[in-house]
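Working notes, structure below.
Throughout, read-outs are computed from the coordinates displayed, never taken from laboratory work. If you're wondering where the values come from, they're calculated on a predicted model, not measured in any experiment. Don't worry about glycine lacking a Cβ; one is built from the backbone with ideal geometry, like all the others, and counts go over all protein chains shown.
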Amino acid sequence: MKNSLLIYLLLNISLLYIVAAILTEVRPLRIILKRRVRSVPNQLCLGLIFGLLSISGTYTGMNFQGAVVNTRVVSTVAAGLVGGPLSGLCAGALSGLHRYLFDPSGFTSLACGVGTFGFGIIGALCYRRFSRCSRRNLALVAITLVSELVQCVLILILAKPFEAAIALEKVILLPKMVVNSLGLVIFMTLLNRLNRSLTIELVEQQYLALYIAQKCLPYLREGLGDRHALQQATDTVRATLPDFQVIITDREQVLATSGIALQGHPLPEPARQALERRELVVMQDFPGEVDVPVHQEDNAAIAAPLMWDDEAVGVLILVVPMGPNLILDADIRTADGLAQLFSSQLELGEFHHQIELRRQAEFRALQSQINPHFLYNALNTISALCLTDSERARETILILASYLRQTLSINEPFVTLVQEMSNVDNYLALVDARFEGAIHVTRELPDDLTRLHLPPLILQPIVENAVRHGSTSVDERHVCICIRQDQERAYIQVSDRGHGFPPQVLEMLQDPEDPSYSGLFNVRKRLRSIYGEQCKFTIDSSQAGSTVFFSIPLTPPSQSYSDVKRSEVQCVSQ
């Protein structure tokens, strides 16, 4: 009897190990097992699988005194613990009915059939508490003991003759408790361990893909048009995955490679298929000329399309070694995740590039929007001065030329406060020549005018607005320019003594979609697009005058600065 129980125990453990491995390796079942909230079809599917496993326990059990000593309790209880209440009930009903029909004349068949269904009920009842239990092995032993005791009571009640049932339970009750407790613990432990190993593997692959994508971000933001940046990206991938060879293509040719000499060649077959199908393609026995001699071994090319705006614009190919100890499926998941991250970065890079081009276009448009009235009035003023004061006319012409040169030829994304105030002073000198001393300007400037870097043509539109709307009488216009600095920020304020903006105009100025007052509208829009939430912009107005105030960092955002410079360099090179 002891030898038979030992053989039965080894058979039980082997069967449980095989089943646990199958359940965690079959992809559809693995997906179901990983879900926290399972639908009714999912629970019924698991109930069917565990029920069939419980039925198999009837056939692999050991016949003893007219009964079958088996492992049904393990599979049936596990159905409820793993799959949920519906799975436990389904497995219990299926296996219990089969046990009764397996040997209807057996004196324990009815009791074992009812008891098997009871196993499913016990598993279903323990599902919620077991998922929150900290000492799971102890709980599994307790669940098995309760289940076997319930089975024992049913056999004593339903099996006839009673003396045979007593004799049977005296022999098999304790071994069943020990074997099935151990079997349930092993089954659940292996299931959890394999699931945990799979989860750790997926997390490691995701972390690896995120790490590579983070390292490649500065290069992929340049898009597929910069081969030098793409070469650095492929080298970065290969540095992290030294056993892989890396290829990046567009829709026509190979753009960059690392570890394989295909740069400038036509599209490899895996890349062509990936572009046509717009899905990941795996091609084994991929031929490729490597840069350095390597041992002859089988390679596989994993080609994942790089998507932009739902279109495949390129392909990432990882050439991976194959062998008896290498798992291609893990490499496929790595390549797929990496291609998705690369695609997102290419889209974000292109989107950011378009934003910077739009900023540049808006700035160029602002440069071209010199008020025709202002230019007409300036020329009229110069014409009048030519008759009355030729020397001042000459000086005004030079000031106008300097103003136009500064306004139309600025190519830097940021200028110093010295440059910006020079442009403002030229504008005020031209206006003062027209109004003949009616412009009264007060300046409060910091000692160091080089610390602050700000976008060009920001102050001049605000000062122009104050001049145009700041009249206290026909011949009096007062403008105050106040700029303060601390260690990190600049606080800029331009005030006038006019009659203020009407309420409806202030509402228009607060509407980002209403460019009725294009000067202040463009200033605020440009500041917000460059600095975002770092810029504080307000307009205060009353019958005593208006004040435009904004605050920006002394140092411009480095990303905006570098992106704008890169856009200009690309425009020049083209």
| Sorted by Cβ density within 10 Å, fewest first, the residues LYS536, LYS176 | LYS536, LYS176
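For a quick check: sort ASP336, ASP309 by the number of other beta carbons within 10 angstrom, fewest at the front.
On the way: ASP336 18, ASP309 8.
So the residues, fewest neighbours to most, are ASP309, ASP336.
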| Between GLY545 and residues 5 or more places away or on another chain, which pairs have amide H atoms under 5 Å apart, with H built 1.01 Å from N, and which residues are they? | GLY500
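Count charges around SER422 for me, please; just the other residues with Cβ under 14 Å from its Cβ, Lys/Arg as +1, Asp/Glu as -1. All intermediate terms of the calculation are to be shown ahead of the outcome.
Numbers: positive: ARG405, ARG443; negative: GLU412, GLU420, ASP425.
It works out to a net charge of -1.
For the stretch 124-178, what class follows from the C-alpha gyration tensor (a ≥ b ≥ c being the square roots of its eigenvalues): rounded when a/c is under 1.5, otherwise prolate if a/b is larger than b/c, else oblate?
Details: a/c = 6.49, a/b = 2.33, b/c = 2.78.
It comes out oblate by the Cα gyration axes.
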| query | For the residue pair HIS265 and LEU145, what label-to-label distance in nm results when each label sits 7 Å from Cα along the Cα-to-beta-carbon direction? | reply | 6.8 nm
| Contour excess over end-to-end distance, with Cα ends at ARG136 and GLN284 and 0.36 nm allotted per residue | 48.9 nm
